[in-house]
Amino acid sequence: MHTFVDPTGCHTLISARNGEVYYLHSTSRNVKKLKGFGPNVDGSASFTPGKAAGDIISGKGKSGAGDKAQVGLTPGTYLTAVGWDKDQGTEGSTKRILLGNSSGELYEYALARTNADASSEASDAAADFNDGPILLHKLNSSESVGMTESGASVTGVHFEYLTNPVSSA
């Protein structure tokens, strides 16, 4: 089991080895199982197969017009790393965060406090992820680096914005 706390100290993710992830906000007394992580309560998969979003955008592999990004953590894996957006995250919302899992995959996700007093901006930030995290890239896939599908887990993720240097004229 892994526990991840954001820089504001308001958002906590708890990851279990069966792939389930639970969310606890500092103002809440109850944890919430997040959709798209591990099996659903009825045992069905909370996962929609697809390609890595990075491969679809770059046109890598055999891409088609109808390609969709994978939503939900790959079955049999679990969350091992979180990169929090320390610049944009607030008490009400994490904004976008990066997730790494036990099979070397990177995902994008967002969380928002579900209380009635949460701002609509915070809710809008998490609305894109109602069905679960979106797969961005497979670090260990044979297509990306010539390795087998089973590889090392992601052990750390750092979130930082890159800016273009301003040139003086």
(message) A 19 angstrom limit on the alpha carbon distance is what I want to check against. Which of 95/138; 51/138; 35/95 exceed it?
(response) 95/138
(message) Please list 22, 109, 161 from largest to smallest accessible area, probe radius 1.4 Å, with all protein chains kept in place.
(response) 161, 22, 109
(request) Taking all protein chains together and a probe of 1.4 Å, list 14, 97 from the most accessible to the least accessible. (result) 14, 97
(message) Give me the net charge for the shell around residue 87: Cβ to Cβ below 9 angstrom, other residues only, Lys and Arg +1, Asp and Glu -1.
(response) 0
(message) If I model a spin label as a point 7 Å beyond the Cα along the Cα-Cβ vector, how far apart are those points for residue 131 and residue 161 in nm?
(response) 2.9 nm
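The values are calculated or read from the model by the stated rules, or taken from the named source; none is laboratory data. Remember, predicted model here, so these are calculated numbers, not experimental data. Because the Cβ atoms are built from the backbone with ideal geometry, glycine has one as well, and the counts that use them run over all protein chains shown. Heavy atoms of the whole protein, side chains included, go into the accessibility calculation; ligands, DNA and RNA do not. Shrake-Rupley method; radii C 1.70, N 1.55, O 1.52, S 1.80 Å.
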